[in-house]
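Participant: Below is the structure I would like to discuss, written out as structure tokens.
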Amino acid sequence: MGAVHETLDALRLVDHHCHGTVTADLDRAAFESLITEGDVWPGVSPFDSPVGVAVRRHCAPLLDLPRHAPPEEYLARRSELGWREVRRRFLRASGTDVLCVDTGFAADRLTTPPELAEAAGGSAYEVVRLEGVAESVHAAGVEPDAYADAFRAAALDAVRRPGVVAVKSVAAYRTGFDLDPARPSDAEVTEAARRWSARGGRLADPVLVRHLLWTAVDLGLPLQLHTGFGDNDIRLHRADPSHLTDWLHLTAGTIPVLLLHCWPYQRQAAYLSAVFEQVYLDVGLTLHYVGPARAGAVLAEALEITPFRKLLYSSDAYGVAEFFHLGALAFRQGLAGLLQERVDADELSLPDALRIARWAGRDNALRVYRLPDDMPGGD
Amino acid sequence: MGAVHETLDALRLVDHHCHGTVTADLDRAAFESLITEGDVWPGVSPFDSPVGVAVRRHCAPLLDLPRHAPPEEYLARRSELGWREVRRRFLRASGTDVLCVDTGFAADRLTTPPELAEAAGGSAYEVVRLEGVAESVHAAGVEPDAYADAFRAAALDAVRRPGVVAVKSVAAYRTGFDLDPARPSDAEVTEAARRWSARGGRLADPVLVRHLLWTAVDLGLPLQLHTGFGDNDIRLHRADPSHLTDWLHLTAGTIPVLLLHCWPYQRQAAYLSAVFEQVYLDVGLTLHYVGPARAGAVLAEALEITPFRKLLYSSDAYGVAEFFHLGALAFRQGLAGLLQERVDADELSLPDALRIARWAGRDNALRVYRLPDDMPGGD
Amino acid sequence: MGAVHETLDALRLVDHHCHGTVTADLDRAAFESLITEGDVWPGVSPFDSPVGVAVRRHCAPLLDLPRHAPPEEYLARRSELGWREVRRRFLRASGTDVLCVDTGFAADRLTTPPELAEAAGGSAYEVVRLEGVAESVHAAGVEPDAYADAFRAAALDAVRRPGVVAVKSVAAYRTGFDLDPARPSDAEVTEAARRWSARGGRLADPVLVRHLLWTAVDLGLPLQLHTGFGDNDIRLHRADPSHLTDWLHLTAGTIPVLLLHCWPYQRQAAYLSAVFEQVYLDVGLTLHYVGPARAGAVLAEALEITPFRKLLYSSDAYGVAEFFHLGALAFRQGLAGLLQERVDADELSLPDALRIARWAGRDNALRVYRLPDDMPGGD
């Protein structure tokens, strides 16, 4: 094993976007529903997919099982150990030092950021999901012409809580990015809030989604944007981040924008990161879904033109602690594989490779989120 | 050669989407026109392309010629053997056990499904192309307000014939998929049929294309959809299957939808197959056009997140019997290559690899089309 | 090293699309600004990117420095040698025999085509950028109803100068390709010219961009089109060349159309080249930005279905002479690597591989631009 693998294996990662894990033991149906972006369909087990194969291969050994253990054995052993121990094992194994936790989506009771930090032996920060804030404001009842101020006040309250380092938007799920890029007028927002009150449901009005993105600019914190791959609530072609170009022009010089996941638009995201100072990207979520067998290929596309200061690591783990381990493993192996290959071909010097590894796995995130670095040797 | 290659080489394939071959000897111009999605242009022989190289490399030996035989020798020997013998050799060599034959496009007199079955030593079923049915109804003369009923009745007649297992649409060629997803009203269909009568030509009205897709839902059989790559009648970006998302939501719980070809949108198709129960995909047509040299790379992208129950094999052979052999060969080699590589890296167990190979090459199709399996060891 | 590498290393390339280099010594800021499609941002040096790594690896030795020399040493040595010597070394090293130079974009004083030819030891031709012609006409003052005639006359004058072999459009930057494909009427052009006069600025009116593309058809010379990747003035999704399909149908049988750069739409460009006689493509610009480490992967996608007569070489070098060397090196290594691999796997015969190499690197361009070939052995 080469020096790049050793360095990446030893690197304490910063996972700049993740979620909590379910605080309960999971039966097969519950577990399977958490390892797919689809549903659990008769005859099509999520175990029979790249991510299922990766769980059996790379997670089973951490539960003291042989590699490629059958699903039944895997789940039995998981229950035997109990969710607390399982969570501890996978978070420890992930080698994650810092976690930035999106607390805005929780179908289940989830592990809190401090609990994740303790399990990982690191520290945790919080990411505020703005759609959740807006929907709370709306649910509490607000006059349409007071919506903008109420949302902004609630968002400011939310981000001023200790430990909040970023905001997030799932605009990709609500409208996609082919939006009018301009900041909407007060009158437009009021009118849209009126429509929302009349129609109900979640925040999905294009004017209000635009308003939310511009409110993020006002808040001044880095903005994480879901892009690309997700569940079937996405219209994939509208989640192509290149549709954000006009908005990125208008907001240049304001907040950092972090493109999450990106697959299959990792090249489009790379382009944006190469031509807009404020744009960064990761291939979180993608890494565990494609598994270590393809993580290197996806990372290679993502890195084709991306400045090395612009790639971050995230697991986007949600629900099951396995994804902290799998994401970290796929990232370490994938990135180390491609860097080592370039070192071996003398396309890249070893010191440069080690620097890139450390930047992508740790330093870039510390820098964007202005987090303290208690590890020696960073930049 | 590893166990996965051996298993895939021995596997009797189900080719869930193919066409007949021309029942005549072909001169150079005729042959060349059948091995390109373009035309035959002066100075740009289709032999000087990936598919042409693959024909000379992999088909020449089956005609008792050396590998990489020159086009002239290849075509001379092909004529010498005669089209019946050529057809027999390539279909036998393909190791195809079951063929689902789209009988709806025939510029030439083509081999019929029973003739293909005999040549292959297997069995054949039929796929009804719905645009052909609609155009026959229209050509026969029908009042606009009777079109919907007449089309439905004709489609029902067509699919009730023995051996019909699926319908197909080439909506990708007619309008693309960025259509209103809703079922059109009777009045809309009548009005559109009136426009068609006035304007003539093939079925290309967006309302009638939508109506056709919804009629497929009513028929209840699996629906094959051309997506991605084809001749220059396609607007490629409009053949991206992610544009089908809203329609897939509306039709969830009804019919299986099989995305054909997909390239260069194999990742978009994979996404849909991962989040919609009813969606399946293949990379037929693509496999012989990119050739064995790239089939593995395309399959690797197609399989990044696709559930292993959702990938099918098709050749999409049309016109020349070579494509039955080339498609099968590219599929076997490409899939075996990527699975064996994962087995060798211990990313996948050998039993899992063999199961995935059998599912993709055979069992998934038998299951979707509810075909009998006369081979031992299936699922 | 195999025979394909040797042949490609020895091949005198035709660079069918490039620009001049800056005729001055460059300080760090100036050099960095020329090796990125973005800007130079604090803390994100363009040297810390794939292209920067490639410059240090592959260009440093030509300045008598060790591989992977640090940026400071690289730039110091570059200044020591002086821009004339640097230009000479990289152009000579590129092994380029013929250069087709786009003279239409010049933020700086640039090397002229004859100067490039002399430095390379080859010959140079000129490519006329039509937007520049239109903007000169506009800047000189023209009545709206005289714009069409004045632009055409100026364009005819421009292309009749000795050595002009092609025209180029940056429509991708101005409107993208999702345009009405039809030739605009005289009245539409006049009205649009009136709007332009009123609004000022560069040519960006959709009607005038269409008119420019149709004027290119009238001129009768090959048309180079920027597609895909560029600076942040691009809306990447609108620079997908598949949006040109309707226009390509309308202009079939007229002029050759050369799709430049293409990334990340190299597969879409390949599709167009496979189904339209008049379409050709290159992956210039991309090659040096992704560097030799990924040039092979990008070329492999570009060649998946592209007829071997349809791929051309360009560097798209601009500003720094390094890009002539890097582009040529990445092309030679990338193409040789993928062809040799296929020869080694017996997927391609060696004579075919050598023919493809020579076509892509040289003969295809000579043919499209009808240039004399003074090298023995061409076609």
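Participant: Being at pLDDT 95 or above, assigned to a strand (DSSP E or B) and under 30 Å from B:LEU250 (Cα atoms): is that true of A:HIS211 here?
Facilitator: no
Participant: Need at least 3 residues that are among the aliphatic types (A, V, I, L, M), more than 11 Å from every other protein chain (Cβ to nearest Cβ) and buried (at least 24 other Cβ atoms within 10 Å of the Cβ) per element, so show me which helices (runs of 4 or more DSSP H) inside the range C:267-344 make the cut, counting only ones lying wholly within it. Steps first, please.
Facilitator: Numbers: elements: C:286-290, C:292-302, C:322-344.
Where helices (runs of 4 or more DSSP H) fall fully within the range C:267-344 and carry at least 3 residues being among the aliphatic types (A, V, I, L, M), more than 11 Å from every other protein chain (Cβ to nearest Cβ) and buried (at least 24 other Cβ atoms within 10 Å of the Cβ), they are C:322-344.
Participant: If I ask for residues that are out of contact with any strand residue (DSSP E or B) (no Cβ under 8 Å at 6 or more places or on another chain), of a type in the set (S, T, N, Q) and over 30 Å from A:ASP346 (Cα atoms), which ones from the range A:1-39 would you list?
Facilitator: Scanning the range A:1-39 gives A:SER33, A:THR36.
Participant: Mind telling me which of the residues A:ALA297, A:ALA302, A:ALA328, A:ALA317 ends up being modelled with pLDDT of 95 or more, of a type in the set (Gly, Ala, Ser) and in contact with a Lys or Arg (Cβ under 8 Å, 6 or more places away or on another chain)?
Facilitator: It is A:ALA302.
Participant: Quick one: count up the residues across the range C:204-221 that are among the hydrophobic types (A, V, I, L, M, F, W, C), in contact (Cβ under 8 Å) with a residue 40 or more places away in the chain and more than 24 Å from C:CYS100 (Cα to Cα).
Facilitator: Selection size over the range C:204-221: 1.
Participant: Next question. Just give me the residues in the range B:223-264 being touching a Lys or Arg at 6+ places or on another chain (Cβ under 6 Å) and at the interface with another protein chain (Cβ under 8 Å from one of its Cβ atoms), in sequence order. Break it down into steps so the answer makes sense when it comes.
Facilitator: Taking the range B:223-264 first, the residues touching a Lys or Arg at 6+ places or on another chain (Cβ under 6 Å) are B:224, B:245, B:264.
If the condition is that a residue be touching a Lys or Arg at 6+ places or on another chain (Cβ under 6 Å) and at the interface with another protein chain (Cβ under 8 Å from one of its Cβ atoms), then B:THR245, B:PRO264 are the ones that fit.
Participant: C:HIS211 is checked against (1) farther than 19 Å from C:ALA239 by Cβ; (2) touching a Pro at 6+ places or on another chain (Cβ under 7 Å); (3) surrounded by fewer than 21 Cβ atoms within 10 Å (Cβ to Cβ) and fails just one. What number does that condition carry?
Facilitator: (3)
Participant: Moving on to the next point. Please count how many residues of the range B:104-128 are surrounded by fewer than 17 Cβ atoms within 10 Å (Cβ to Cβ), part of a loop (DSSP other than H, G, I, E, B) and either under 17 Å from the mean Cα position of the chain (by Cα) or without any contact (Cβ under 8 Å) to a residue 12 or more places away in the chain (or both).
Facilitator: Residues of the range B:104-128 that are surrounded by fewer than 17 Cβ atoms within 10 Å (Cβ to Cβ), as a first pass: B:105-109, B:112, B:114, B:118, B:121.
Going one step further and asking which of them are part of a loop (DSSP other than H, G, I, E, B), we end up with B:105-109, B:112, B:121.
From the residues that got through so far, the ones that are either under 17 Å from the mean Cα position of the chain (by Cα) or without any contact (Cβ under 8 Å) to a residue 12 or more places away in the chain (or both) too are B:105-107, B:112.
Residues meeting the conditions: 4.
Participant: Only one of (1) outside any helix (DSSP H, G or I); (2) away from chain C (no Cβ under 14 Å); (3) not polar (S, T, N, Q) fails for A:ARG362. Which number is that?
Facilitator: Failing condition for A:ARG362: (1).
Participant: Where residues in the range B:44-89 are among the polar types (S, T, N, Q) and in contact with a Lys or Arg (Cβ under 9 Å, 6 or more places away or on another chain), which of them is farthest from B:ALA24 (Cα to Cα)?
Facilitator: Checked the range B:44-89; the qualifying residue farthest from B:ALA24 (Cα to Cα) is B:SER49.
Participant: Quickly run through the range B:45-69 and pick out the residues that are facing chain C (nearest Cβ under 9 Å) and surrounded by 21 or more Cβ atoms within 10 Å (Cβ to Cβ).
Facilitator: Start the filter on the range B:45-69 by keeping residues that are facing chain C (nearest Cβ under 9 Å), which leaves B:45-46, B:48-54, B:56-58, B:67-68.
Passing the criteria: B:PRO46, B:SER49, B:PRO50, B:VAL51, B:GLY52, B:VAL53, B:ALA54, B:ARG56, B:ARG57, B:HIS58.
Participant: Going through the range A:241-266 one residue at a time, which ones are buried (at least 23 other Cβ atoms within 10 Å of the Cβ) and outside any helix (DSSP H, G or I)?
Facilitator: A:VAL257, A:LEU258, A:LEU259, A:LEU260, A:HIS261, A:CYS262, A:TRP263, A:PRO264, A:TYR265
Participant: Tell me, yes or no, whether the range B:348-356 has at least one residue that is farther than 23 Å from A:GLY337 by Cα and either in a loop (DSSP other than H, G, I, E, B) or more than 10 Å from chain A (Cβ to nearest Cβ) (or both).
Facilitator: yes
Participant: I would also like to ask the following. Which ones in the range C:129-187 are touching a residue at least 40 places away in the same chain (Cβ under 8 Å), in contact with a strand residue (DSSP E or B) (Cβ under 8 Å, 6 or more places away or on another chain) and either surrounded by fewer than 16 Cβ atoms within 10 Å (Cβ to Cβ) or in a helix (DSSP H, G or I) (or both)?
Facilitator: C:LEU130, C:GLU131, C:ALA155, C:VAL159, C:GLY163, C:ALA171, C:ALA172, C:TYR173
Participant: Go through the range A:277-290 and give me each residue that's touching a residue at least 60 places away in the same chain (Cβ under 8 Å), more than 13 Å from A:ASP15 (Cβ to Cβ) and touching a Ser or Thr at 6+ places or on another chain (Cβ under 9 Å).
Facilitator: To start, the set of residues in the range A:277-290 that are touching a residue at least 60 places away in the same chain (Cβ under 8 Å) comprises A:280, A:282, A:284, A:288-290.
Filter once more, so that each one left must be more than 13 Å from A:ASP15 (Cβ to Cβ): A:280, A:289-290.
Once the filter is applied, which keeps residues that are touching a residue at least 60 places away in the same chain (Cβ under 8 Å), more than 13 Å from A:ASP15 (Cβ to Cβ) and touching a Ser or Thr at 6+ places or on another chain (Cβ under 9 Å), the range A:277-290 yields A:TYR280, A:TYR289.
Participant: Here's another thing I want to ask about it. Can B:ALA24 be described as at pLDDT 95 or above, in contact with a Phe, Trp or Tyr (Cβ under 7 Å, 6 or more places away or on another chain) and surrounded by fewer than 16 Cβ atoms within 10 Å (Cβ to Cβ)?
Facilitator: Working: at pLDDT 95 or above: yes; in contact with a Phe, Trp or Tyr (Cβ under 7 Å, 6 or more places away or on another chain): yes; surrounded by fewer than 16 Cβ atoms within 10 Å (Cβ to Cβ): yes.
Yes; evaluated as a whole, the condition is true for this residue.
Participant: Here is a further query. Filter the range A:228-263 down to the residues that are of a type in the set (D, E, K, R) and touching a residue at least 60 places away in the same chain (Cβ under 8 Å), then identify the one that is nearest to A:LEU213 (Cα to Cα).
Facilitator: Residue satisfying both the conditions and the ranking: A:ASP246.
Participant: Here's a follow-up. Got at least one residue in the range C:227-234 being in a loop (DSSP other than H, G, I, E, B), buried (at least 19 other Cβ atoms within 10 Å of the Cβ) and among the small types (Gly, Ala, Ser)? Steps first, please.
Facilitator: Filtering the range C:227-234 for residues in a loop (DSSP other than H, G, I, E, B) gives C:228-234.
Those still in the list that are buried (at least 19 other Cβ atoms within 10 Å of the Cβ) too: C:228-230, C:232, C:234.
Still in the list and also among the small types (Gly, Ala, Ser): C:228, C:230.
Within the range C:227-234, one or more residues are in a loop (DSSP other than H, G, I, E, B), buried (at least 19 other Cβ atoms within 10 Å of the Cβ) and among the small types (Gly, Ala, Ser).
Participant: Working only within the range A:26-82, note down all residues that are among the β-branched types (Val, Ile, Thr), touching a helix residue (DSSP H, G or I) at 6+ places or on another chain (Cβ under 6 Å) and more than 18 Å from A:ALA317 (Cβ to Cβ). Walk me through how you get there before you give the answer.
Facilitator: Our first condition is that a residue be among the β-branched types (Val, Ile, Thr); within the range A:26-82, this holds for A:35-36, A:40, A:44, A:51, A:53, A:55.
Checking which are touching a helix residue (DSSP H, G or I) at 6+ places or on another chain (Cβ under 6 Å) leaves us with A:35, A:40, A:51, A:55.
Across the range A:26-82, the qualifying residue is only A:VAL40.
Participant: Still on this structure: From the list B:GLU322, B:GLU347, which one is modelled with pLDDT of 95 or more, within 28 Å of B:GLU85 (Cα to Cα) and acidic (Asp, Glu)?
Facilitator: After ruling out the rest, the residue left standing is B:GLU322.
Participant: Same structure again: How about the range A:6-103: which helices (runs of 4 or more DSSP H) wholly inside it have at least 3 residues that are under 23 Å from the mean Cα position of the chain (by Cα)?
Facilitator: Passing ranges, in order: A:28-34, A:50-54, A:83-93.
Participant: With C:ALA345, C:ALA317, C:ALA365, C:ALA360 as the choices, which residue is more than 21 Å from C:THR111 (Cα to Cα), hydrophobic (A, V, I, L, M, F, W, C) and in contact (Cβ under 8 Å) with a residue 60 or more places away in the chain?
Facilitator: Working: C:ALA345 fails: in contact (Cβ under 8 Å) with a residue 60 or more places away in the chain; C:ALA317 fails: more than 21 Å from C:THR111 (Cα to Cα); C:ALA360 fails: in contact (Cβ under 8 Å) with a residue 60 or more places away in the chain.
Every option except C:ALA365 fails the conditions.
Participant: Which is closer than 27 Å to A:ALA360 by Cα and either surrounded by fewer than 18 Cβ atoms within 10 Å (Cβ to Cβ) or without any contact (Cβ under 8 Å) to a residue 12 or more places away in the chain (or both), of C:GLU72, C:GLU80, C:GLU37? Let's see the steps before the verdict.
Facilitator: Working: C:GLU80 fails: closer than 27 Å to A:ALA360 by Cα; C:GLU37 fails: either surrounded by fewer than 18 Cβ atoms within 10 Å (Cβ to Cβ) or without any contact (Cβ under 8 Å) to a residue 12 or more places away in the chain (or both).
Answer to the check: C:GLU72.
The values are calculated or read from the model by the stated rules, or taken from the named source; none is laboratory data. In this text, all values refer to a predicted model and were calculated from it rather than measured experimentally. Neighbour counts run over all protein chains shown; Cβ positions are idealised from the backbone, glycine included.
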